[in-house]
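Read the structure below first, then the notes.
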Amino acid sequence: MLTCPLATAAEALDRQDWQSLAHLKADDRIRLTLKTGPVDGAFQSWTPQQVTAGTVTARRQDVVKIERYRQGGW
């Protein structure tokens with residue numbers, strides 16, 4: 001599971017965790033936990049500033065955690 005936890009929601013993901021998004025493939029099922037709540041969708045793309053899952057594009061500073069779905073759960 002790809003998980004990028006934070007100490008608090010106000011902190012941004014550290015650089016190493018954010019770079020782990022490079023291991024995801026298009027259409028991998030992910031859950032973004034944002035400051036406003038969770039979003040489930042297919043991974044689309046990422047940049048140093050944002051990540052897109054399904055139709056949602058989230059800014060890095062709004063992302064609390066990212067999880068990749070694997071058979072059996074998140």
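Numbers for the structure displayed
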quantity: Search result, residues across region 36-60 that are of a type outside the set (Val, Ile, Thr) and exposed (fewer than 13 other Cβ atoms within 10 Å of the Cβ); calculated: Gly37, Pro38, Ser45, Pro48, Gln49, Arg59
quantity: Scan of region 17-35 for residues that are more than 12 Å from Lys65 (Cα to Cα), open to solvent by 40 Å² or more (accessible area, probe 1.4 Å) and not polar (S, T, N, Q), ordered by number; calculated: Ala22, His23, Lys25, Ala26, Asp27, Arg29
quantity: Residues located in region 61-74, provided they are in a strand (DSSP E or B), open to solvent by 20 Å² or more (accessible area, probe 1.4 Å) and within 17 Å of Gln19 (Cβ to Cβ); calculated: Lys65, Glu67, Arg68
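The values are calculated or read from the model by the stated rules, or taken from the named source; none is laboratory data. Since we're looking at a predicted model, the values are computed, not measured. Using ideal geometry, Cβ is built from the backbone for each residue, glycine included, and neighbour counts are taken over all protein chains shown. We work out accessible area using only protein heavy atoms, side chains counted, and drop any ligands, DNA or RNA first. Shrake-Rupley method; radii C 1.70, N 1.55, O 1.52, S 1.80 Å.
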